[in-house]
Amino acid sequence: MSIKTIETKPYADQKPGTSGLRKRVTVWQQPNYVENYIQSIFDVLEDRQGKTLVIGGDGRFYNDVAIQKAIKIAAANGFGKVMVGQGGLLSTPAASHLIRHYKAFGGLVLSASHNPGGPDGDFGIKYNIANGGPAPESITEAVFARSKVIGAYRIADVPDVDLSRIGTQKSGDMVVEVVDPVADYAALMETLFDFKAISSLFKSGFRMQFDAMHAVTGPYAHRIIEDILGAPKGTVINGVPSPDFGGGHPDPNLVYAKDLYDLLMSADGPDFGAASDGDGDRNLIIGKNRFVTPSDSLAILAANAPLAPAYAAGIAGIARSMPTSSAADRVAEKLGIEMHETPTGWKFFGNLLDAGRVTVCGEESAGTGSNHVREKDGVWAVLLWLNIIAARKQSVDQIVREHWKTYGRNYYTRHDFEEVDAAIANKLVDDLRAQLPGLVGKSFGNLKVSYADDFSYTDPIDGSVSPKQGIRIGFEDGSRIVLRLSGTGTVGATLRLYVERYEPADGQHDLETQAALEPLIALAEQLAGIKARTGRQAPDVIT
Ligand code: VG1
Ligand code: CO
């Protein structure tokens, strides 16, 4: 095999964010941009010689170009084998499963997840380690450091691999195995859930709509929900992955999946609605006349997990990202199990899952998952909901209401201000941080501040410290205001404001969410001045 060493100049901006490196496609199209980044990853990985690497992506624009480069660079860097999804496709959780199942060394996930695609959209690359999870900060920081000084990359001078053909080929001396992206993942799901009970549910006339948003979960949902579980054809819509997600925005929230929401709120709508994001790790759950907030979904899934065979013996603990509501904390308290609050991003759950300290994890951004893989998993969450509905023989609305009657309700919302001037956003956060010491003990109306800090996380397993993970202002009644900057945006800065208020089990559970949180939203504006400083009238997205 002929291996070329190509001289290159470093780029200064290859700093991975919350979940890998995400940039506009036009940035990735610069000379050697992809090559530099992948070589920087490989440069910090010792012992890769002869090992197996999993590669797959969400099928977005540039996936096909980047994947061929990745294969040739892997061949030139001594990997023994690359396992890649047919057509270059693998959902993020399926990639995580393949890495674990075949004991691969790691994997490259080509995705910008919920960000829009197409030639003017975003592309991204993320490295996952041998446990199947996103690389921890120690690795992502080393990759960034390497990318700033890289002087050359190695690439095999070989033809492209035919990714349409399942089976084994060669890229130079390296074996390339093209696999069915769905088969192993579907088999895993079958071991976790009561497929018989879910099939019977569909046979009894239960109606569902799954919106794959023209993204990667289409093939997974068609195979598992329609072919294996027997839901009628047409249950899955927008099920063919397209490079620009059909021109849409593959973020399953009430703004971009509004059609699904409207359908579920209509008189003759189905019983259950779900959607997933670009790379298949997020989920949206909507029952007939009942939207389930992701934070509530985490709590409900954790409380009911033992109804699914995989978790019948109970769960060891729960972890949630810091901005996620504390609904799950109340479940953990009742069950007497461990509860962990981690920074935003799935990489912080890996150690807790590996150590068996937690079984179920979740984020307010519509990510839930368990110890079956090391990523959040959209289809998994949908199947667990179906399993719970089949076992409890109740509607989503009934399940949610009973949950609130047992644990109380955490009213919760997130307001996103996107593409804000980065200097203004940073100053705003700095100024709020400076106010924090003076806030503790202060009262605003009937809200008394019990703590105010910039969240710092010490990993209980490896002791690593991640400071400055977002500002938290907690009140004595359990209410909370959180403000942080997004680490996945690609233009300017995105400010995320998270607001939460607790209403006890015998309290008011039927208030409209924004109205219930209005005093806290107003207080956040008084303290941080987002609208005043950015000139924005309203958030771009409310979830
Ligand atoms: C967002 C979410 C976070 C999630 C991350 C990756 O990060 O808030 O919860 O883990 O996206 O999700 P940020 O830094 O923009 O707030 V995915 O589905 O885009 O990989
Ligand atoms: Co995603």
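The values are calculated or read from the model by the stated rules, or taken from the named source; none is laboratory data. If you're wondering where the values come from, they're calculated on a predicted model, not measured in any experiment. With ideal geometry, Cβ positions are generated from the backbone for all residues, glycine too; neighbour counts draw on all protein chains shown. Accessible surface areas use protein heavy atoms only, side chains included; no ligands, DNA or RNA. Shrake-Rupley method; radii C 1.70, N 1.55, O 1.52, S 1.80 Å.
Miscellaneous remarks
- Flag for ALA104 being over 24 Å from LYS4 (Cα atoms) and either part of a strand (DSSP E or B) or within 16 Å of ligand 1 (Cβ to nearest atom) (or both): no
- Take the conditions (1) of a type outside the set (A, V, I, L, M); (2) touching a Pro at 6+ places or on another chain (Cβ under 8 Å); (3) away from ligand 2 (no atom under 16 Å from the Cβ); (4) in a loop (DSSP other than H, G, I, E, B); GLY280 misses just one of them, which is (3).
- A Cβ distance below 7 Å, combined with a sequence gap of six or more or placement on separate chains, defines the contacts here; from region 475-490, residues that are farther than 21 Å from GLY529 by Cα reach residues that are open to solvent by 30 Å² or more (accessible area, probe 1.4 Å) and among the basic types (Lys, Arg) in the pairs GLU476/LYS448; THR490/LYS23; THR490/ARG24.
- Options SER204, SER138, SER199: the member that is surrounded by fewer than 14 Cβ atoms within 10 Å (Cβ to Cβ), more than 16 Å from ligand 2 (Cβ to nearest atom) and either of a type in the set (D, E, K, R) or within 25 Å of LEU386 (Cα to Cα) (or both): SER204
- Among residues of region 280-292 that are within 16 Å of ligand 1 (Cβ to nearest atom), those with a Cβ under 8 angstrom from a residue that is among the basic types (Lys, Arg), sequence gap 6+ or separate chain, pair up as ASP281/LYS376; ARG282/LYS376.
- Residue in region 378-388 that is on the phi < 0 side of the Ramachandran plot, at pLDDT 95 or above, open to solvent by 10 Å² or more (accessible area, probe 1.4 Å) and not hydrophobic (A, V, I, L, M, F, W, C) present: no
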